[in-house]
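**Student:** What follows is a single structure, and I will ask about it in a moment.
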Amino acid sequence: MLTYAIGDIHGHLGPLQDLHGLIEKDRAAHGPAEAPVVHVGDLVDRGPDSKGVIGFLIAGRARGANWIVLRGNHDRMFRGFLDDADYQDPRLRTDLYWLHERLGGAATLASYGVKGAGERFLHDLQADARAAVPAAHLAFLDGLQNYHLHGTSLFVHAGVRPGVDLRYQTEDDLLWIRNDFLKDERDHGALIVHGHTPVDRVIHYGNRLNLDTGAGYGDPMSAVVIDGRAVFQLTPRGRVRIAP
């Protein structure tokens, strides 16, 4: 069960395209052609081209590419703002909000041509955003998956609530969980492949695999191929084994 996966994107279209190039190169060398590519969420915010990222993913799937795209907490906040200018994600700290400079929502709006975040009334800003974001992008955001199970790997954005059956996991946990998941060393029954918490390199912890290498903060974006129980990072030089 060969699967490709890409970590948090955060509005960086060029690196995303580069990683898809590495995936196609690896696919040509190892196959199979139908192996899925899972994007673990946080498509938007902080980077310069969230609109371009969403457009690229929509176009790929329209061509028939087997791309799975998961919902990240930043994607949920973006969609929430488009529905309600006063939206506050229930898992976000009360002293923060989507357009706070730490979260990068202003960069997402700017990619759609909507300027003035932090200087204009929220409801005016939201009205411009609703007019600027294409209906196809809204439908795409609404259709994002919260998880994807393939072979012995479970792909999610943030992680899982340890000890809770997949059927009863909440979206809040799948998109936001940190310490209760990150500090738990038990076997979850599948390798949990996730992003959300930046690390300086792809790390295999035995029970989980963290793919968020900090693209949202100007660091590289990462892609891996999971071939059975073996994990390899994709690089311009080819596969590099990532051992637990």
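The values are calculated or read from the model by the stated rules, or taken from the named source; none is laboratory data. No experiment lies behind these values; they were computed from the predicted model shown. With ideal geometry, Cβ positions are generated from the backbone for all residues, glycine too; neighbour counts draw on all protein chains shown.
**Student:** Tell me which residues, restricted to the stretch 15-41, are crowded, with 24+ Cβ neighbours inside 10 Å and in a loop (DSSP other than H, G, I, E, B).
**Tutor:** The answer is Val40, Gly41.
**Student:** What is the number of the single condition among (1) aliphatic (A, V, I, L, M); (2) surrounded by fewer than 16 Cβ atoms within 10 Å (Cβ to Cβ); (3) free of Cβ contacts under 8 Å to residues at least 40 places away in the same chain that Met77 does not meet?
**Tutor:** It is condition (2) that Met77 fails.
**Student:** Being part of a loop (DSSP other than H, G, I, E, B) and either in contact with a Pro (Cβ under 6 Å, 6 or more places away or on another chain) or more than 13 Å from Val40 (Cα to Cα) (or both) is true for just one of Gly206, Gly159. Which residue is that?
**Tutor:** After ruling out the rest, the residue left standing is Gly206.
**Student:** Please find, among Val44, Val53, Val69, the residue that is part of a loop (DSSP other than H, G, I, E, B) and either at pLDDT below 95 or touching a helix residue (DSSP H, G or I) at 6+ places or on another chain (Cβ under 9 Å) (or both).
**Tutor:** Working: Val53 fails: part of a loop (DSSP other than H, G, I, E, B); Val69 fails: part of a loop (DSSP other than H, G, I, E, B).
Within the list Val44, Val53, Val69, the selection yields Val44.
**Student:** While we're here: Being touching a helix residue (DSSP H, G or I) at 6+ places or on another chain (Cβ under 8 Å) and among the aliphatic types (A, V, I, L, M) is the filter here; which residues of the stretch 87-131 pass it?
**Tutor:** Residues satisfying the conditions are Leu92, Leu99, Leu103, Ala107, Leu109, Val114, Ala117, Leu125, Ala129.
**Student:** Name every residue in the stretch 198-208 that is under 14 Å from the mean Cα position of the chain (by Cα) and surrounded by 17 or more Cβ atoms within 10 Å (Cβ to Cβ), in order of residue number. Spell out the reasoning first.
**Tutor:** Filtering the stretch 198-208 for residues under 14 Å from the mean Cα position of the chain (by Cα) gives 198.
Within the stretch 198-208, none qualify.
**Student:** Is it the case that some residue within the stretch 109-129 is touching a residue at least 12 places away in the same chain (Cβ under 8 Å) and in contact with a Ser or Thr (Cβ under 7 Å, 6 or more places away or on another chain)?
**Tutor:** Within the stretch 109-129, one or more residues are touching a residue at least 12 places away in the same chain (Cβ under 8 Å) and in contact with a Ser or Thr (Cβ under 7 Å, 6 or more places away or on another chain).
**Student:** Please find, within the stretch 80-129, the residue that is surrounded by the fewest Cβ atoms within 10 Å (Cβ to Cβ) out of those that are farther than 21 Å from Ala158 by Cα and of a type in the set (S, T, N, Q).
**Tutor:** Gln126
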